[in-house]
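Take a look at the structure below.
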Amino acid sequence: MPRSNIMVVIYPNQNGMGYVVCELPRDIINYGIGKFRKLSPTNYVTRLKKFIRQYRPAVVILKDYDDSNTTSRRVKEVIDTLEAHAKKHDVKVYRYRRSDIAGVFSLFGDASKHGISKTLASWYPDLQRFLAPPRNFKISEHYHMGIFDGFALMYTHAHLTGLVKNDYEN
């Protein structure tokens, strides 16, 4: 069965995962946060199975990590498990690090997480309702940041693979 041009983006975090399903950055099909009672790789794979069954994506895009960053062992295991499952279903997988995302968004100004979320909210007005105030060391990351992480990962992939130009096109 031929695959669509759909990409599924999954950004696991301490709350669950931010996700985006789209064809191109302007053609968003679905997005949100998957929150799980038990943060185990099984729950993430169950969600990915649903995405694969429903959308038949050509590509899965995941957050990447390296040994020097602060990604937890559990999140690393989730990312590796998601990649293995996607490949088992013959879905191509791309992984991008936080530094890749920051490099792309530095072209648009502030590459901090808050700066990226403001940029994304200007491109996607529906996201403005999820914007949180800038974070400091006394404030934990806002629950909705996972949505912005997913969108940032999606746009990074689109930019680095040439699906979009250096600037966002409405």
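Hey, with R₀ at 45 Å, roughly what FRET efficiency would Leu24 and Ser72 work out to, going by the Cβ-Cβ distance, to 0.05? Don't jump to the answer; show the numbers that get you there.
On the way: r = 32 Å, r/R0 = 0.71.
The formula returns an efficiency of 0.90 here.
Given a cut-off of under 8 Å on Cα pairs at least six residues apart, what relative contact order in percent is computed for region 20-168? Could you put the intermediate results ahead of the total?
Working: 145 pairs, mean separation 38.8, N = 149.
Dividing the mean separation by the residue count of region 20-168 yields 26 percent.
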| query | When we measure straight from the Cα of Lys88, which lysines land under 16 angstrom away, once same-chain ones fewer than 8 places off are left out? | reply | Lys49, Lys50
| Using +1 on the beta carbon of Lys and Arg, -1 on that of Asp and Glu, and nothing else charged, what's the dipole of region 45-112 about the Cα centre, debye to 20? | 520
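Can you tell me what share of the DSSP beta bridges in the chain is antiparallel? A percent to the nearest 5 is fine. If you can, show how the numbers build up before the last one.
On the way: 14 of 23 bridges.
Looking only at bridges with both residues in the chain, the antiparallel portion is about 60 percent.
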| note | Residues whose modelled amide H sits under 5 Å from the amide H of Arg95, counting only those 5 or more places away in sequence or on another chain, are Leu62
| query | Which order do Lys138, Lys113, Lys35 fall in if you start with the one that has the fewest other Cβ atoms within 10 Å? | reply | Lys138, Lys35, Lys113
| query | Label Lys50 and Gln128 with points 7 Å out from Cα along Cα→Cβ: what is the distance between them in nm? | reply | 3.0
| message | Can you give me the Rg/Rh ratio for the chain, using Cα atoms for both radii and the Kirkwood formula for Rh? | response | 0.94
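Arrange the following residues from fewest to most other Cβ atoms within 10 Å of their Cβ: Phe51, Phe36. Write out the running numbers ahead of the final one.
Numbers: Phe51 21, Phe36 14.
Least to most surrounded, the residues fall as Phe36, Phe51.
Counting helices only, and only those DSSP H runs with n ≥ 4, report the 222 nm mean residue ellipticity of the chain as the sum of -39,500 (n - 2.57) divided by its residues, in deg cm²/dmol to the nearest 500. Working shown, then result.
Details: 5 runs with 66 residues, N = 170.
Rounded to the nearest 500, it is -12500 deg cm²/dmol.
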| About the Cα centre of the chain, what is the dipole size in debye to 20, counting +1 per Lys and Arg Cβ and -1 per Asp and Glu Cβ, all else neutral? | 720
| field | Residue of Arg26, Arg53, Arg97 that the Gaussian network model of the chain assigns the largest fluctuation, springs spanning Cα pairs under 10 Å | value | Arg53
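Read-outs: derived from the displayed coordinates by stated rules, not from any lab. All of these numbers come straight from a predicted model, not from anything done at the bench. Glycine also receives a Cβ, built like all others from the backbone with ideal geometry; neighbour counts cover every protein chain displayed.
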